[in-house]
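The values are calculated or read from the model by the stated rules, or taken from the named source; none is laboratory data. What you see is a predicted model; the values in this text were computed from it and never measured. All Cβ positions, even for glycine, are placed from backbone atoms using ideal geometry, and neighbour counts span all protein chains on display.
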């Protein structure tokens, strides 16, 4: 008899439920619920384009609706029945914190606060707290450098404390009305488990460690003395948050009678600790030591792990290094490129005024070019640089254009630029003894663009694989749930075993072409000159041969 | 009774004849003859895209046809008759040398050689002689540095000796068959004057000084010892070229009976010494000390003059400094930007896939932007840098792009880049005490693009004027002819007087906006950082603030 787990993936515009076969990872049913509030699920403010909030009511409605729909579809499979669902796993965007009352209910669903955007969930891409983030970075650099060392040296406006502090500064009534704050990654499992007290919510190490400066080394969240430097009210809030955060081998709770009833599932099945989407995505893509998982979309999130049995130094520029944030017993390491798909989209749609078909045309034309042939080189910083420079104030660059340079040549140079950016991350990992031998990619671009995959293989010198699942985040959540359910119930004894059973790689792999790599090594050296010069890594740079070297490569 | 002169302008695709009223410069008739040979008058080679030749038969046919047509049209004017034409002036492209026989007849019009491209005129933009040019530069740098000092430090593949030497290397039969070589600027006047011996042709100082390393300081053309280092046959050729070259106050001859008869003009009227189009164009635009004339087209040619009564140092990077090449009694100084209109055309047509109307749309949108607002900065080197770096192996650069950068912003940044390139030339002139107080522009872009003109005024801090004539080159030739005819015949006593009478400026002038200039001064400093770094002027450059400074300017 087969067993199944549900993976729930709360994204930016929708929530997706999948039902995965524990024996092989097959996703036998999927259902997507689009959030009804705001623009594609995001509450915007036309006067402040940094603002991005979400309505928690959408999460609750979407949770119920998408699970029920997926279960309905799953009945088409012989042998499936709701009783065979042995656990639920949850991943969400993050840092997406929201204020809750003493009963753990989101403020935003109360009639008092429902029209106040500050009382809603502060979506990961909300950038209203830029000032607060800078202030936190400044203070931590001076008083608690260890807090920054684990998150790449700069605390972001996208993260937990920046947002809560900004709420305190800009909407003090909401701050005062909130009893506590929860990442939605922690809220959803608690909701399913029927936990009605913020103190009892099992918090995940992933959002805590990567976004809230939580670390067991300094006994959890930032200390009260430090938080009081921001604002004494934040020091007070610390007591109403949490002392301990947990990794994926921990249950967030068991399915409550109420939700078992709503969904038609068995009461008491385990609910996994929630995590950030990319991290469970890494699990769903088969992350292990030596494997880097790249989720390539508008931007990338790059995750790998290193065993806690070895000493891992803080890696400068890597957004986060957190014990247990991906796999229990391993440090989870997260890096990222601020723009990848977004750069191609910008070039095609805004500059070339093209549409989706135009991507295809440019890709085909670009595929006919050899490395170096265009004489072009670009920096992939149109949206700043997340890793390894951690500098949002950088911008794009294109060099080497002549009067004959074509759009396809520029398109290829932009793909190559993102590949060089990917290599800079890998080089940084390896410099700090975190091995990267294989890269598994997820996301639409990885599946649809063989040219990009081949260029990445040639530039990085790593074999590039593509995850077989198109929903690695939800699959990762389902994997985590299968382990919590345990072998006896038809689940798995460990994440490692579950990954072996439930994750797959597409048959088409991309191996580095060594001839191309020789040329890309030369281009990468030029990229590094520009990277280090404009990125401020090297104070003085010799540029005099950059254009000439590009021209020589062009001639072959 | 009115007097008229004919100005003949031999361009890349056609020859133009104008008939100018000596009293006020009015162009009472114009006729254009498109060269029938090759692609728009240019003989190309599909296997060698560096090759560009012209058929001398086209010049002869076009000369006769366009003058006759212009005269025909001129009869519509009361008081005009062919007898009132008192002189002819000639300007041409250059360096465009061609081999001639002992009778001064182009080899290419003989039946033996007419199908051999090497026997035709080697058009200015023929780049087949790149190797020879490098070799000449190398040898001159070692043995005759003074030859290079007057032409910016590098001898070009576009010039006289490179081409002739390449002919000797690649088509020795043609070289051996040629008795002498003539710039077409020297050939056309000689043709009109009926001169049938290369030794008797009056050569112009303009092509001689700017393209053939001729200088009175070293007794004319490069010495035989030097030429023998290239090839002994070139040293022998020197004896069949010329000892002395002449400025615009010199007659090339008088109209022969044969051509007077063909054209219906009076025999014996003076024919001006031929010159390069831009140089007579400078005269037609009113060049004088302190005035820079910019002919803005696909590229620019920038000309000014400095009195020979003052000492003028060699100005590094300026393509040529030649006594008498523009105005007698003045050093003629020539600079240029390798691409201006061509860059806009590339961006609109190749990258944006737009047409002429698209230029208009982008210009309108770009007009709504403030300096610095886009955060972009570009280098105008898509076709290398002619002045002041004299380096064809440089390429374009764009920096500061985000995910929101628009085509119109890039379009404006490209215009600004050419303005910064223009300012670099002006700064170099001024550094060497050549004053530039006013800029007079000619060419379609100057007339059609007020945005560009205003940006140039704001960037350079100079008042920008536009020449009233659309044919300043032909007008300059007509002015020169009017002086040679003399006051008694209805011409003028000097070029200075003729310019006052015959040249005009359009009423719309562009004055620098000082608020914009403050911002452009900051952008120009960043431009100089990139210019000096990538151009190799500074060995080491600090780039760390470039992107951030651009971002600050963006925020105002």
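One table, with the values for the structure above:
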{"item": "Residues of the stretch A:177-202 that turn out to be touching a helix residue (DSSP H, G or I) at 6+ places or on another chain (Cβ under 7 Å) and without any contact (Cβ under 8 Å) to a residue 60 or more places away in the chain, as a count", "result": "0"}
{"item": "Residue in the stretch A:347-365 that is nearest to residue A:420 (Cα to Cα), counting only those that are touching a helix residue (DSSP H, G or I) at 6+ places or on another chain (Cβ under 6 Å) and either away from chain B (no Cβ under 14 Å) or surrounded by fewer than 24 Cβ atoms within 10 Å (Cβ to Cβ) (or both)", "result": "A:363"}
{"item": "Counted residues, the stretch B:366-408 - those being more than 10 Å from chain A (Cβ to nearest Cβ) and assigned to a helix (DSSP H, G or I)", "result": "3"}
{"item": "Test: residue A:62 is over 19 Å from the mean Cα position of the chain (by Cα), surrounded by 21 or more Cβ atoms within 10 Å (Cβ to Cβ) and under 24 Å from residue A:473 (Cα atoms)", "result": "yes"}
{"item": "Members of the stretch A:503-540 found to be more than 10 Å from every other protein chain (Cβ to nearest Cβ), in contact with a strand residue (DSSP E or B) (Cβ under 7 Å, 6 or more places away or on another chain) and under 27 Å from residue B:543 (Cβ atoms), listed by number", "result": "A:523, A:526, A:527, A:531"}
{"item": "Candidate set from the stretch B:541-556 (those that are part of a loop (DSSP other than H, G, I, E, B) and more than 7 Å from chain A (Cβ to nearest Cβ)); member that is nearest to residue A:389 (Cα to Cα)", "result": "B:545"}
{"item": "Breaking point among (1) within 14 Å of chain A (Cβ to nearest Cβ); (2) touching a helix residue (DSSP H, G or I) at 6+ places or on another chain (Cβ under 7 Å); (3) at pLDDT below 95, for residue B:449", "result": "(1)"}
{"item": "Unmet requirement for residue B:500, which otherwise passes all of (1) modelled with pLDDT under 95; (2) part of a helix (DSSP H, G or I)", "result": "(1)"}
{"item": "Matching strands (runs of 3 or more DSSP E) fully within the stretch B:245-355 where at least 1 residues are in contact (Cβ under 8 Å) with a residue 24 or more places away in the chain and farther than 18 Å from residue B:460 by Cβ", "result": "B:251-254, B:270-272, B:300-307, B:320-323, B:330-337"}
{"item": "Residues of the stretch A:177-204 classified as closer than 24 Å to residue A:125 by Cβ and surrounded by fewer than 22 Cβ atoms within 10 Å (Cβ to Cβ), total", "result": "1"}
{"item": "Residue among B:305, B:315, B:287, B:293 that is at pLDDT below 95 and either in contact with a strand residue (DSSP E or B) (Cβ under 9 Å, 6 or more places away or on another chain) or assigned by TED's automatic domain parsing to the domain that holds residue B:67 (or both)", "result": "B:315"}
{"item": "Residue satisfying all of: in the stretch A:127-154; touching a residue at least 40 places away in the same chain (Cβ under 8 Å) and closer than 15 Å to residue A:96 by Cα; surrounded by the most Cβ atoms within 10 Å (Cβ to Cβ) among these", "result": "A:128"}
{"item": "Residue satisfying condition, being touching a strand residue (DSSP E or B) at 6+ places or on another chain (Cβ under 9 Å), under 19 Å from residue A:18 (Cβ atoms), at pLDDT 95 or above and not in a helix (DSSP H, G or I), within set A:491, A:476", "result": "A:491"}
{"item": "Any pair with Cβ under 7 angstrom, 6 or more apart, that starts in the stretch A:514-538 at a residue that is closer than 14 Å to residue A:381 by Cα and assigned by TED's automatic domain parsing to the domain that holds residue A:385 and ends at one that is modelled with pLDDT under 95 and in a helix (DSSP H, G or I)", "result": "none"}
{"item": "Members of the stretch B:87-111 that are closer than 29 Å to residue B:4 by Cα and touching a strand residue (DSSP E or B) at 6+ places or on another chain (Cβ under 6 Å)", "result": "B:87, B:88, B:89, B:90, B:91, B:92, B:94, B:96"}
{"item": "Test: residue in the stretch A:491-502 that is surrounded by fewer than 19 Cβ atoms within 10 Å (Cβ to Cβ), more than 14 Å from chain B (Cβ to nearest Cβ) and touching a residue at least 60 places away in the same chain (Cβ under 8 Å)", "result": "yes"}
{"item": "In the stretch B:436-465, the residues that are under 19 Å from the mean Cα position of the chain (by Cα) and assigned to a helix (DSSP H, G or I)", "result": "B:444, B:445, B:446, B:447"}
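Every residue, every condition in (1) surrounded by 24 or more Cβ atoms within 10 Å (Cβ to Cβ); (2) under 23 Å from residue A:506 (Cβ atoms); (3) in the same structural domain as residue A:535 (by TED's automatic domain parsing), yes or no:
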{"position": "A:384", "(1), (2), (3)": "no, no, yes"}
{"position": "A:393", "(1), (2), (3)": "no, no, yes"}
{"position": "A:398", "(1), (2), (3)": "no, no, yes"}
{"position": "A:403", "(1), (2), (3)": "no, no, yes"}
{"position": "A:432", "(1), (2), (3)": "no, no, yes"}
{"position": "A:445", "(1), (2), (3)": "no, yes, yes"}
{"position": "A:452", "(1), (2), (3)": "yes, yes, yes"}
{"position": "A:456", "(1), (2), (3)": "yes, yes, yes"}
{"position": "A:462", "(1), (2), (3)": "no, yes, yes"}
